[in-house]
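Report on the structure given below.
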Amino acid sequence: MASLLDAYQLVHDGVVALSVVERNGMRIDVEYCKGKIDWLDWKIAQAERRLKATQLYYAWDARYGSKLKYSSAPQLRSVLYADLHVKPFKQTEGGEESADEESLRQTGVEGIDHLLKMRKYKKVQDFLRGFLRYEIDGRIHPSYMLHTVTTYRSSSSSPNMQNVPKRDAEAMEICRRAIVPSLGCQILEIDFSGIEVAISAVYHKDPSMIRYLKDPTSDMHADTALDLFMLQGLNTKLKDMPGGPTLRQASKNGFVFPQFYGDYYITCAFNVACNWLKLPQTRDWRAGDGIKFNGAPIAGHLVSRGIEALSDYEEHVRKVENNFWGRRFPVYKRWRDSWHRDYQRTGGFEMLTGFRCFGVFGRNQVTNYPVQGTAFHCLLWTLIQLVNRTRGWRSKVIGEIHDSVLFDAHPDEVAELVALTKQVAEVELAKNWKWIIVPMRVESSVSKIDGSWASMRTVE
DNA sequence: GGAACTCGCCAC
DNA sequence: AAACGTGGCGAGTTCC
């Protein structure tokens, strides 16, 4: 196990390496940004024109007139929850009625769609404006900090390059198109696959989790999906069936990962029902036209198995949760309990990388911090090696996003960079830290020559 | 007029 | 027992 001095050395070397990354900076397409910002102005104005013909705008204008601000949550709250007598869907942290996207969609008020469009395009515009704000000679030089985060992860600012849209296809395309390689070069991104799950295993050492990680033919998310959607007994692999990949994704993002972070069955059931099964407000499963499996709505299948309302599904997910922790990953569960008990006794804990956390933390924080921190330290160690061993290359490390490294890569060096990163991350890392007892894997994707960060294809 | 706070929302 | 972890940032708002 690593000492406190080892932890210090990692931060020291990390700061030095990241200073090189900052100096390298990344090229942005200034003319593209300017043109797109204007286009977004037009899109925002278009959405505003449409909003102005709706019930929502009518009520908003009636109360606020010339003081109306589309981005004011307090104004929107008054209009919706006082004037239009909408029933609040949930509260904010500060105890107010929420006006976030989820709550707004629940209201069913005419005009909400246009307001959300305005919000979205404004948000995208802010990213492009942020790039231009920090542009010098066609490049930006985002800062990377190692001293700001409780878990000893990194953070990024000025601009923050660690939260550029990816999930929403349109927002992703618009924002990432702005990030381009040096002339004649390519953007190369290499990321650890599933590193937080792997790192959790080096702490809890749950044998069935380790089996999943070591056996590439096994699939934890698919197996859990069978429980979640009552599909046990299939004779074909879930992934190979129509709708199977979607069910697997629902299981992964709606149940497995939230459970690892400390979520519980009530919210998991609700989110799976709303986001994947498309459970309508009537709470009638049959009315849903959500994801299909083998051509039929999965909601219909669940109805045929006696799940007729959300409360039935909650009860089912409670059993899935009990099975998940009690039968599938009991050792993981026991680790969380004992890790938390030790924290309660001592007031702190130490990561395998030597970093120490002392303070007042909740249970989920205590069990999540070591995983999140240690996973990042694997990336940081790799990045340090890459920066130091590519000195004098035409390719440069230009960024880092918690479990991935970004290069501005010369075409002649792409293959070498991929090979070097694989060697460092998949072989040398585990030699440096003997406690890495599960396989580490990286995946690479690359843009075309002179192509932007928006169009990345997998490297075989 | 600026500091501090809340809210909403993007990433991993 | 507790109930999804970590950030940065823009905008609005409140406080001094």
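Computed from the coordinates by the stated procedures, all read-outs in this text should not be read as laboratory data. Predicted, not measured: the structure shown is a model, and the values here were computed from it. Using ideal geometry, Cβ is built from the backbone for each residue, glycine included, and neighbour counts are taken over all protein chains shown.
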Checklist outcome for this item: Here D for region A:44-187, in µm²/s, from Stokes-Einstein with a Kirkwood Rh over Cα pairs at 4 °C and 1.567 mPa s, works out to 72 µm²/s
Item to check | Selection of chymotrypsin sites (Phe, Trp or Tyr not before Pro), region A:66-160, meeting DSSP coil and at most 11 other Cβ within 10 Å | outcome: none
Checklist entry - Once you sort the root eigenvalues of the Cα gyration tensor of region A:292-407 as a ≥ b ≥ c, which label holds: rounded (a/c under 1.5), prolate (a/b larger than b/c) or oblate (the other case)? => result oblate
Item to check | Kirkwood Rh and Cα Rg combined as Rg/Rh, region A:218-359 | outcome: 1.07
Item to check | HN-Hα J in Hz across region A:119-131 - Karplus 6.51, -1.76, 1.60, θ = phi - 60°, x for Gly and Pro | outcome: 4, 5, 5, 5, 4, 4, 4, 4, 4, 5, 4, x, 4
Checklist entry - When the convex hull of the Cα atoms of region A:88-158 is projected onto a plane and the area is averaged over all directions, what value comes out in nm²? => result 7.3 nm²
Next on the checklist: Using the crude model of +1 on Lys and Arg Cβ and -1 on Asp and Glu Cβ, and no other charge, please compute the dipole size for chain A relative to its Cα centre, in debye to 20.
Outcome noted: 360 debye
Checklist entry - For labels at A:Glu443 and A:Asp41 in the simple 7 Å Cα→Cβ model, what's the distance in nm? => result 4.0 nm
Next on the checklist: Contact order normalised by length for chain A, with contacts defined as Cα pairs under 8 Å and 6 or more residues apart; what percent is it?
Outcome noted: 24 percent
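Within chain A, which is the longest segment containing none of the trypsin sites (Lys or Arg not before Pro) that sit in a DSSP loop and have at most 13 other Cβ atoms within 10 Å?
Numbers: sites that count: A:Lys69, A:Lys90, A:Lys166, A:Arg167, A:Lys237, A:Arg305, A:Arg391, A:Lys434, A:Lys448.
After excluding every exposed loop site, the longest remaining stretch is A:306-390.
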Next on the checklist: Just want the answer: with Cβ charges of +1 for Lys and Arg and -1 for Asp and Glu, which residue in A:Val414, A:Asn368, A:Val427 is farthest toward the dipole's positive end in region A:283-436?
Outcome noted: A:Asn368
Item to check | region A:172-301: mean projected area of Cα convex hull, nm² | outcome: 11.8 nm²
Item to check | Difference of contour (0.36 nm per residue) and Cα-Cα distance, A:Asp215 to A:Ser3 | outcome: 73.1 nm
Item to check | Projected area averaged over orientations for region A:3-97, convex hull of C-alpha atoms, nm² | outcome: 12.1 nm²
Checklist outcome for this item: Which residues qualify? For A:Glu400, with a placed amide H closer than 5 Å and at least 5 residues away or on another chain, they are A:Leu406
Checklist entry - Mind checking the log10 I(q)/I(0) for chain A at q = 0.06, 0.08, 0.11 Å⁻¹? Debye, one equal scatterer per Cα, no solvent, two decimals. => result -0.32, -0.59, -1.13
Checklist entry - When the distances between all Cα atoms of region A:359-457 are binned every 5 Å from zero, what whole-number percent does each bin get? => result 2, 11, 21, 21, 16, 12, 8, 5, 3, 1, 0
Next on the checklist: Given points 7 Å out from each Cα along the Cα-Cβ axis, report the A:Lys166 to A:Tyr58 separation in nanometres with one decimal.
Outcome noted: 4.4 nm
Checklist entry - Going down the table (A:Lys278/A:Lys422; A:Lys239/A:Lys333; A:Lys123/A:Lys319; A:Lys67/A:Lys166; A:Lys120/A:Lys239; A:Lys214/A:Lys448), which pairs top 30 Å between alpha carbons? => result A:Lys278/A:Lys422; A:Lys123/A:Lys319; A:Lys67/A:Lys166; A:Lys120/A:Lys239; A:Lys214/A:Lys448
Next on the checklist: Just to verify a number: FRET efficiency for A:Lys67 and A:Asp263, C-beta to C-beta distance, R0 = 56 Å, to 0.05?
Outcome noted: 0.90
Checklist entry - Zone of A:Tyr134 (label point 7 Å along Cα→Cβ, backbone N under 19 Å): which residues in region A:392-406? => result A:396-406
